[in-house]
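Just below is one structure, and these are the notes that go with it.
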């Protein structure tokens, strides 16, 4: 029995707000009205007419006539519009020229807009002129637009249906568009399927009637097994961002086309176990705990973004075991923290907060007693990393003598002097600022013993981790007068949201500044963090770059050009690379470039290959012994 011949398939694509990001007649009118005092009011009217037509509240023929009545344009305006349209092809269409190169002859552009400005755009994608069906302008001798060809089927009511009937196409017809007139092709029975395109605009009345809703053209190509620029539609990659991640990060992920869910607060382990199912990228700050239990539910997790400095809230070992890179922002909020530390040192030295509270209560306490300049005072910095070293520079510029202690050998900056021990620093300094990381060894490094070593009347600041200072012991030192004051920004237990009540032994003590973990909470810092972490995650997903990941071997790769990239994360065991290359050799696959980096537990191999290979090789590479994760990029 002979199989039935495969039907020829045609792809009918709308232009405005589909192939192009913009509504063309609106833009043409805006160009022609430049300098017109009534421009805004006219534009508001034309937008309403456009929306009414797209949603089916007004026939297209009526809307076209109403819009053209407002038109006072000419050929030069059309040329300006063409230049604008070339920059405003919808991104998912623009990146998929490969599809148009192969199937351009099967693509039909159906539009109620005008061929004069559509044709120069779509011809660049290999769509022939005979496949472009649109309206045409009428011009006077001076090149002014005076009307349009009303006999054109696309100028009439139900124009797209009339035009498609006239073509008498034999085969499957897939329609892609954002408006009611596009759906009418399916409703009429002429089209096999209607795909509601929502990358630029989503109309509920249209989406509800669609066979498929496609957020991007990549999604259309993927579900129909057609050639596409990306190995996987990005709209299928779900991003979950918790704890008020900066809008710039959200925008970066949106620009990439990911599906995004945001929450303003952190959530508990059980809720996160439910939320993380099907999530590809998780973005958190310092309050959300990413535990082994949560990671066991993260069946599709590709990467984690810690939109902060620390990562002690994340089970890094479990992330590594599962081949999930974690990216943080070790440098992005340094300046913000340093400025707050300097400000708090000055406020504590001058007892400004206590005097302010008294003044709010009507008490005038003008006195210089026990109030000092910071110039000439000794600042001790425990932890001489990014923040500690920059604090050293700023404090010295203000006239302070700087001492530091770090368990790792560090070169001093400027005139800062290294102490041989933390005890030496505590005994010597007037002000002590703690800037250590979140390692368990740092728990209660400042406790009753260390507080007793400090100079009488000295100050203590902690803007690092909440568990590094014994809070009851500090409260006791303040009450006894041993310490003259303290500034604390982080706590052993912190509220998960602004709605939860805060309690501490340090409340209502004299000359104690309490701040709600805001050391890095400036617009500049959060913007920098949002940009930095999101860019690292995008680089990893798009190209496999793990540079500055805190738990996966770091590889910084060249751009991927005319090749497929195999991403292979595995347990660091002998022979894995040889096995990978054995599979490639068996299938006679040409290696264009290969990159390997390992640490004591994880190996990361990137292999760029020519595009000609049997798909069976993918299954073999996935089953290489010790494989954790494997994916293909192109």
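Since every read-out is calculated from the coordinates, none of them should be taken as a lab result. All values reported here derive from a predicted model rather than from experimental measurement. Methodologically, a virtual Cβ is constructed for each residue, glycine included, from the backbone with ideal geometry; neighbour enumeration extends over all protein chains shown.
Its alpha carbons give segment 40-113 an Rg and a Dmax of 15.7, 45 Å. Mind checking the angle between helix 75-86 and the chain's longest principal axis? C-alpha axes, 0 to 90 degrees, to the nearest 10. Result, in degrees: 50.
If a paramagnetic tag sat 7 Å from the Cα of residue 523 along the Cα-Cβ line, which residues of segment 228-259 would have the backbone N under 15 Å from that point? Only 246-248 fall inside the zone, counting backbone N under 15 Å.
In terms of other Cβ atoms within 10 Å, 633, 28, 398, 621 run from fewest to most in the order 398, 633, 621, 28. If you take Cα Rg over 2.2 N^0.38 Å from the coordinates, which of (1) 1.80; (2) 1.26; (3) 1.18 do you get? The listed entry that was calculated here is (2). Using C-alpha pairs under 8 Å with a sequence gap of at least 6, the mean separation divided by the residue count of the chain gives a relative contact order of 9 percent. Using the Cβ-Cβ distance between residue 354 and residue 547 with R0 set to 60 Å, the FRET efficiency from 1/(1 + (r/R0)^6) comes to roughly 0.80. Report summary: the helix-based calculation at 222 nm, which adds -39500 (n - 2.57) for every DSSP H run with n ≥ 4 and divides by the residues of the chain, gives -10000 deg cm²/dmol. Mind checking the angle between helix 334-350 and the chain's longest principal axis? C-alpha axes, 0 to 90 degrees, to the nearest 10. In the chain, helix 334-350 runs at an angle near 40 degrees to the longest axis. Once the Cα-Cα distance is subtracted from the 0.36 nm per residue extended length, the residue 572 to residue 597 segment shows a gain of 8.0 nm.
Each residue, residue 40 and residue 265, gets one label point 7 Å from its Cα in the Cβ direction; the gap between the two is 4.0 nm.
Highest mean first, the peptides 558-564, 606-612 sorted by other C-beta atoms within 10 Å per residue fall in the order 606-612, 558-564. Nearest 0.05, what FRET efficiency do residue 151 and residue 254 give at R0 = 51 Å with Cβ-Cβ as r? Efficiency, rounded to the nearest 0.05: 0.75. Counting 0.36 nm for each residue step from residue 339 to residue 84 and taking away their Cα separation leaves a gain of 87.3 nm. Taking the fewest neighbouring Cβ atoms within 10 Å as the starting point, the ordered list for 11, 331, 547 is 547, 331, 11. To test your reading of the geometry: what angle, between 0 and 90 degrees and rounded to tens, separates the Cα axis of helix 39-54 from the longest principal axis of the chain? Taking Cα atoms only, the helix is inclined about 70 degrees. Across segment 380-492, the mean sequence separation of Cα contacts (distance under 8 Å, 6 or more residues apart), normalised by length, yields a relative contact order of 23 percent.
Ordered by the count of other Cβ atoms within 10 Å of each Cβ, fewest first, 308, 429 give 308, 429. Between residue 75 and residue 439, the simple label model (points 7 Å from Cα in the Cβ direction) yields a spacing of 7.6 nm. The distance between label points at residue 322 and residue 634 comes to 3.0 nm (points 7 Å beyond Cα on the Cα→Cβ vector).
Residues of segment 221-241 with amide nitrogen under 15 Å from the 7 Å Cα-to-Cβ point of residue 211? Inside the label zone: 221-226. The simple Förster model, with R0 at 35 Å and r as the Cβ-Cβ distance, assigns residue 586 and residue 165 a FRET efficiency of 0.05.
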